[in-house]
Amino acid sequence: MYSWIGKVTKNVTLLCKIGRLCRYLPRPLLFMSLSLTGFIVYSCLRSVRQQILLRMRELLNKRNIFSISTVCRDYFRNLIITLYEIIIDYQFLEDSKRWRFKVEGEHFLHEALQHGRGAIVFSPHIGNFFYYYWYLSKKYPCLTVATAGSKELRPLYLSFEQLGCRGLDYDATPPVKLIKTLREHVEGGGVLFLLGDFFRPSFPAATFFGRPTRSPGGATVLALEKQVPIVPFYGYRERGFKHRLVFHPPLFLYEELKPGQRREAMDRLNGVLEEMIHQVPGQWFYWFNTDERWEKKGTDGLSLAEQE
């Protein structure tokens, strides 16, 4: 998937031509064209489609086959439209923010910030998460952690950095400096936008969709040690180029768990991520490689996460 995105982003000349053409197309016609492109990609990439369908059946086991096929088509459609938004349409965000975003529950973020410890907006990679961070950055002192070191995704991150979206590169920032910067940001009353379904084999052991995996631990460290409220959040494409942003009541994990109970905190947050993904499964970005995040079984039949 990343290599495919890289092929799209590196062809600057083609992107400029597409951008000029799209300016003259009515948005309903443009949306229909992008939706058709998504269906063509869904139809042509048979092996990729079959792999994604298999992963969806494993994690969305309460849905029937017909429903999962619909979710899979939605996935490819949203992927194509989101790429268009991130690569080309982002230039018109400022002029379109009034009609593009419908926000629900933002008062929960205000409530969390009133405690004077900053806040963590905790989200999965659903919908157009680039746009949602832009929305937050326009209204609050925001900071996020990204993987801008990827040559395929780097042009996308740089585009939004130019729009004022601040971020720390996980791969290029020393761990001690990373957590120190995050702590200082929330201590100053700032908002952290953290995508909790990010995966690396070096992350702490956790459970996700009932399976042993690895999850980032920064949110739990700040929540338990610095008593930072966590505001679950997700956004999704509601219709056309319009997005709904949904904030949930803040979680005060430090009131229920001790600083040493990081695993329990991570599992609880992963459960929140699961619930949000189940709301709009066709718009979760990571279907293309979910199998890579599950822990392998050892000789004793236990996963590495279970052994820990």
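Of all residues in the stretch 40-73, exactly one satisfies the criterion of being among the aromatic types (Phe, Trp, Tyr) and within 23 Å of the chain's Cα centre (by Cα), namely Tyr42. Of all residues in the stretch 41-67, those being hydrophobic (A, V, I, L, M, F, W, C) and loosely packed, with under 12 Cβ neighbours inside 10 Å number 3.
Go through the residues of the stretch 195-207 one by one and say whether even a single one is closer than 30 Å to Ser96 by Cα and open to solvent by 20 Å² or more (accessible area, probe 1.4 Å). Yes: the stretch 195-207 contains one or more residues that are closer than 30 Å to Ser96 by Cα and open to solvent by 20 Å² or more (accessible area, probe 1.4 Å). For the stretch 215-243, a residue qualifies if it is open to solvent by less than 30 Å² (accessible area, probe 1.4 Å), more than 16 Å from the chain's Cα centre (by Cα), more than 15 Å from Val272 (Cα to Cα) and not small (Gly, Ala, Ser), and the qualifying residues are Val221, Leu222, Leu224, Val228, Phe241. For the stretch 173-216, filtering for residues that are touching a strand residue (DSSP E or B) at 6+ places or on another chain (Cβ under 9 Å) and assigned to a helix (DSSP H, G or I) leaves 6. The residues of the stretch 170-182 that are touching a Ser or Thr at 6+ places or on another chain (Cβ under 9 Å) and open to solvent by 30 Å² or more (accessible area, probe 1.4 Å), listed by number, are Tyr170, Asp171, Thr181.
Across the stretch 90-108, which residue is least open to solvent (accessible area, probe 1.4 Å) among those that are more than 21 Å from Phe160 (Cα to Cα) and part of a helix (DSSP H, G or I)? Looking at the filtered set, the residue picked out is Phe108.
The values are calculated or read from the model by the stated rules, or taken from the named source; none is laboratory data. As the structure is a computational prediction, the values presented were derived from the model and not from experiment. Cβ coordinates were reconstructed from backbone atoms using ideal geometry, including for glycine residues, and neighbour counts include every protein chain displayed. With ligands, DNA and RNA removed, areas are computed over all heavy atoms of the protein, side chains included. Shrake-Rupley method; radii C 1.70, N 1.55, O 1.52, S 1.80 Å.
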